[in-house]
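What follows draws every value from the coordinates through simple rules; no lab data is involved. Just so we're clear, the structure is a prediction, and the values are computed from it rather than from any experiment. Here the Cβ positions follow ideal geometry from the backbone for every residue, glycine too, while neighbour counts run over all protein chains shown.
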Amino acid sequence: DHDHDDHDEL
Amino acid sequence: MNIFRLVGDMSHLLAIIILLMKMWKSRSVAGISGKSQILFAIVFTTRYLDLFTSFVSIYNTSMKVFFIGTSYVTVYFIYQHFKPTYDSNHDTFRVEFLIVPVGGLAFLVNHEFSLLEILWTFSIYLESVAILPQLFMVSKTGEAESITSHYLFALGSYRALYLLNWIYRYYFEGFFDLIAVVAGCVQTILYCDFFYLYITKVLKGKKISLPA
């Protein structure tokens, strides 16, 4: 699953 | 944070520092594609809009701010400060052929149809091909200075290390982001030819020069 908080990578 | 990602981020950081040092010390942006650097500024700007909406860590925030800031400094160096040394005659890649399809794809294939998410997706897709004007310039002039080669190697290594990071995260954290992984593979594949030249030539003390 995916949500924007997953974008912890650069 | 695992070792692959940390080394990947450091490699990315190093690439940017190498490029800025090269420009500043030689007082020249010769051999550097301004178009690629504009694309990177667009990539960072559209990806890191979440600076305003979510906080991950001090590390995350400072890296994002650094990447955005230095990308604009780089563009400023090329098109203003060191403009007389900019080799625009060889920087002729048509970036609209990248931006338009990548924009369309971000609209069609994304995790969620929201403005921030589409811009994030756009930045991931655009980053994967943003180096093409630079690689085109190297192939057009048939050469690259050693320092430019070091820059490209560090920049290419960063996404290759992220691929290892994603394999690690898949096995140990169950994390999997198809969009990032596919784009990361494309991005790394584009560097393969360059990696080969770098290992066979630059590491043996020769500069990259391609047959005419």
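For segment B:31-72, which residues satisfy the criterion of being away from chain A (no Cβ under 13 Å), in contact with a Ser or Thr (Cβ under 9 Å, 6 or more places away or on another chain) and of a type outside the set (A, V, I, L, M)?
Passing the criteria: B:Gly31, B:Gly34, B:Lys35, B:Gln37, B:Thr45, B:Tyr72.
Being of a type in the set (Lys, Arg) and free of Cβ contacts under 8 Å to residues at least 60 places away in the same chain is the filter; apply it to segment B:7-30 and report the residue that is nearest to the other protein chains (Cβ to nearest Cβ). First the steps, then the outcome.
Pass one, segment B:7-30, residues of a type in the set (Lys, Arg): B:22, B:25, B:27.
So of that shortlist, the ones also free of Cβ contacts under 8 Å to residues at least 60 places away in the same chain come out as B:25, B:27.
On the way: B:Lys25: 26, B:Arg27: 30 Å.
Only one residue fits best here, namely B:Lys25.
When segment B:173-192 is examined, which residues are found to be in a helix (DSSP H, G or I) and either in contact (Cβ under 8 Å) with a residue 24 or more places away in the chain or within 12 Å of chain A (Cβ to nearest Cβ) (or both)?
B:Glu173, B:Leu178, B:Ile179, B:Ala180, B:Val181, B:Ala183, B:Gly184, B:Val186, B:Gln187, B:Thr188, B:Leu190, B:Tyr191
Tell me, yes or no, whether segment B:120-128 has at least one residue that is exposed (fewer than 12 other Cβ atoms within 10 Å of the Cβ) and assigned to a helix (DSSP H, G or I). Steps first, please.
Here is the first cut: in segment B:120-128, the residues exposed (fewer than 12 other Cβ atoms within 10 Å of the Cβ) are none.
Taking every residue of segment B:120-128 in turn, none turns out to be exposed (fewer than 12 other Cβ atoms within 10 Å of the Cβ) and assigned to a helix (DSSP H, G or I).
Please verify whether segment B:156-166 includes one or more residues that are under 12 Å from the mean Cα position of the chain (by Cα) and within 13 Å of chain A (Cβ to nearest Cβ).
Checking segment B:156-166: at least one residue is under 12 Å from the mean Cα position of the chain (by Cα) and within 13 Å of chain A (Cβ to nearest Cβ).
Is there a residue being within 23 Å of B:Lys206 (Cα to Cα), of a type in the set (Ser, Thr, Tyr) and surrounded by fewer than 22 Cβ atoms within 10 Å (Cβ to Cβ) anywhere in segment B:138-145? Give the derivation first.
Residues of segment B:138-145 that are within 23 Å of B:Lys206 (Cα to Cα), as a first pass: B:138-145.
Then keep just the ones that are of a type in the set (Ser, Thr, Tyr); that gives B:139, B:141.
Filter again for surrounded by fewer than 22 Cβ atoms within 10 Å (Cβ to Cβ), leaving B:139, B:141.
Taking every residue of segment B:138-145 in turn, at least one turns out to be within 23 Å of B:Lys206 (Cα to Cα), of a type in the set (Ser, Thr, Tyr) and surrounded by fewer than 22 Cβ atoms within 10 Å (Cβ to Cβ).
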